[in-house]
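First the structure, in the form of structure tokens, and then the observations on it.
The values are calculated or read from the model by the stated rules, or taken from the named source; none is laboratory data. The shown structure was predicted, so the numbers you read here are calculated from the model rather than taken from an experiment. Note that we place each Cβ from the backbone using ideal geometry, even for glycine, and neighbour counts take in every protein chain shown. With ligands, DNA and RNA removed, areas are computed over all heavy atoms of the protein, side chains included. Shrake-Rupley method; radii C 1.70, N 1.55, O 1.52, S 1.80 Å.
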Amino acid sequence: MKHSYKIMGILFLTLTVVLLTACGSVSDKDSDKSNTDKDTKNGVTIKHDGGTTKVAKNPKRVVALEFSFVDALAALDVKPVGVADDGKKERILEPIRKQIGDYTSVGARKQPNLEEVSNQKPDVIIADSNRHKGIQKDLEKIAPTIMLPSFDSDYKDNLEAFKTIAKTVGKEDKGKERLKEHNDLMDKYSKEITMDKSQPVLPAVVAKSGLLAHPDNTYVGELLKELGFNNALNKTKTDNLSKYLKGPYLQLNSEVLSDINPGRMFIMADKGENDPNLKKQESDPVWNDLDAVKKDRVSVVDRNTWARARGIISSEEIAKQLVEISKNEQNDKQQK
């Protein structure tokens with residue numbers, strides 16, 4: 001009998017523990033749901049390069065301190081109230097300017113005007129984790145600030161930053177749709193680019209200081225790689241080169257350029273084929289000995305589109321231009 005009571009006691013104790021655990025689990029779930037609902041109601045928590053930041057739900061007044069962030073906002077149908085545009089609105093690509101409409105310039109991308117940023121009464125600021133690291137605390141005094149890569153980002157970094165921006169402005173579903181559209185477009189353009197992609201290609205900005213090359217770990221370098229191109233700048237050839245503004249861009253002198261000897265070049269210029277910095281390069285004897293020059297495989301492209309914009313819309317513009325270059329080369333071959 002005592003043995004039966006003992007068994008019943010154990011069963012009762014076990015049942016009690018199970019019930020308490022179940023109640024606790026329900027309570028925890030209710031608590032989690034309550035916290036989730038509260039987070040959704042009051043805002044959203046964003047993880048970014050500068051930490052973790054709580055942002056108001058669906059912020060209306062957004063300030064963007066880099067062109068790639070403006071590109072992302074335009075792709076999401078969000079109109080920023082302030083943009084660091086270097087005081088030159090024409091540096092923003094035309095399709096993006098049309099999409100975002102009027103805004104207030106808040107100064108240069110390198111050094112934004114903090115007073116002007118504050119005057120916009122932003123709900124959120126999107127800043128560059130490289131260029132604006134030193135002023136992050138100042139920006140956070142104005143509004144919640146999201147720090148993301150741009151100046152030293154590659155193509156895939158940019159796509160990840162786009163997703164974060166979409167979440168920040170309450171457009172995650174729109175962001176997913178736009179990314180799918182982007183990937184489909186890039187696949188289409190990649191197939192339509194018929195030029196010889198196996199040729200070692202050198203993408204480079206032409207500037208007063210000379211040629212600033214874009215290897216695989218830069219935005220346009222990785223974009224070209226994704227489209228199937230072979231970058232002329234392998235690691236062995238770039239290890240000892242000087243970097244531009246502590247970014248991934250490499251300064252080339254004549255000796256290194258001759259050693260690389262690219263089979264194709266995309267030269268990013270501010271003033272097209274008549275750019276004085278390009279004319280200076282063309283006067284260098286080394287230039288005319290390059291395979292790309294001798295075989296007429298030098299394409300002069302817009303620096304704003306290829307080097308400064310660094311976004312979804314701009315990458316689609318680059319791919320479209322590559323399709324056009326392919327068609328022109330094909331027509332030239334047929335005429336010959």
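Scanning region 67-93 for residues that are surrounded by fewer than 18 Cβ atoms within 10 Å (Cβ to Cβ) and either closer than 13 Å to THR104 by Cβ or polar (S, T, N, Q) (or both) yields a total of 3.
Of the helices (runs of 4 or more DSSP H) contained entirely in region 161-240, those carrying at least 1 residues that are of a type in the set (A, V, I, L, M, F, W, C) fall at 172-192, 219-226.
Quick grid of which residues meet (1) farther than 17 Å from PRO59 by Cβ; (2) among the hydrophobic types (A, V, I, L, M, F, W, C); (3) in contact with a His (Cβ under 6 Å, 6 or more places away or on another chain):
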| position | (1), (2), (3) |
| --- | --- |
| GLN99 | yes, no, no |
| ASP138 | yes, no, no |
| PRO149 | yes, no, no |
| ILE165 | no, yes, no |
| LYS171 | no, no, no |
| ASN183 | yes, no, no |
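Go through the residues of region 288-296 one by one and say whether even a single one is assigned to a helix (DSSP H, G or I), polar (S, T, N, Q), surrounded by fewer than 22 Cβ atoms within 10 Å (Cβ to Cβ) and more than 29 Å from the chain's Cα centre (by Cα). Yes, because at least one residue in region 288-296 is assigned to a helix (DSSP H, G or I), polar (S, T, N, Q), surrounded by fewer than 22 Cβ atoms within 10 Å (Cβ to Cβ) and more than 29 Å from the chain's Cα centre (by Cα). Among the conditions (1) under 28 Å from ASP49 (Cα atoms); (2) at pLDDT 95 or above; (3) buried (at least 19 other Cβ atoms within 10 Å of the Cβ), VAL201 misses just one, which is (1).
Test SER190 against the stated conditions and say whether it is within 19 Å of ARG264 (Cα to Cα), touching a residue at least 40 places away in the same chain (Cβ under 8 Å) and open to solvent by 20 Å² or more (accessible area, probe 1.4 Å).
On the way: within 19 Å of ARG264 (Cα to Cα): yes; touching a residue at least 40 places away in the same chain (Cβ under 8 Å): yes; open to solvent by 20 Å² or more (accessible area, probe 1.4 Å): yes.
So SER190 fits the description; yes.
Which of the residues spanning region 151-175 are of a type in the set (Gly, Ala, Ser), within 11 Å of the chain's Cα centre (by Cα) and either surrounded by fewer than 20 Cβ atoms within 10 Å (Cβ to Cβ) or at pLDDT 95 or above (or both)? Reasoning before the result, please.
First, pick out the residues of region 151-175 that are of a type in the set (Gly, Ala, Ser): 153, 161, 166, 170, 175.
Applying the additional criterion that residues be within 11 Å of the chain's Cα centre (by Cα) yields 153, 161.
ALA161 - this is the single residue of region 151-175 that is of a type in the set (Gly, Ala, Ser), within 11 Å of the chain's Cα centre (by Cα) and either surrounded by fewer than 20 Cβ atoms within 10 Å (Cβ to Cβ) or at pLDDT 95 or above (or both).
Which of (1) open to solvent by less than 40 Å² (accessible area, probe 1.4 Å); (2) over 15 Å from the mean Cα position of the chain (by Cα); (3) farther than 19 Å from VAL63 by Cβ is the odd one out, the single condition ARG178 does not satisfy? Going through the list (1) open to solvent by less than 40 Å² (accessible area, probe 1.4 Å); (2) over 15 Å from the mean Cα position of the chain (by Cα); (3) farther than 19 Å from VAL63 by Cβ, ARG178 breaks only (2). The listed residues are GLY228, GLY263, and the only one of them that is open to solvent by less than 10 Å² (accessible area, probe 1.4 Å), over 14 Å from VAL300 (Cα atoms) and at pLDDT 90 or above turns out to be GLY263.
Check whether at least one residue in region 116-129 is within 25 Å of ASP270 (Cβ to Cβ), among the polar types (S, T, N, Q) and in a loop (DSSP other than H, G, I, E, B), and report yes or no. Looking through region 116-129, none of the residues is within 25 Å of ASP270 (Cβ to Cβ), among the polar types (S, T, N, Q) and in a loop (DSSP other than H, G, I, E, B). The listed residues are GLU324, GLU273, GLU329, and the only one of them that is over 21 Å from LYS197 (Cα atoms), assigned to a helix (DSSP H, G or I) and of a type in the set (D, E, K, R) turns out to be GLU273.
Restricting to region 245-274, name every residue that is in contact with an Asp or Glu (Cβ under 6 Å, 6 or more places away or on another chain) and more than 24 Å from ASP154 (Cβ to Cβ).
Residues of region 245-274 that are in contact with an Asp or Glu (Cβ under 6 Å, 6 or more places away or on another chain), as a first pass: 247-248, 254, 261, 263, 269.
Selection gives SER254, ASN261.
Note on region 306-326: residues that are over 24 Å from GLU177 (Cβ atoms) and either aliphatic (A, V, I, L, M) or in contact (Cβ under 8 Å) with a residue 40 or more places away in the chain (or both) total 6.
Taking the conditions (1) more than 30 Å from HIS132 (Cα to Cα); (2) of a type in the set (Ser, Thr, Tyr); (3) surrounded by 14 or more Cβ atoms within 10 Å (Cβ to Cβ) in turn, SER314 satisfies each one other than (1). The one condition from (1) at pLDDT below 95; (2) closer than 28 Å to ARG91 by Cβ that MET268 does not meet is (1).
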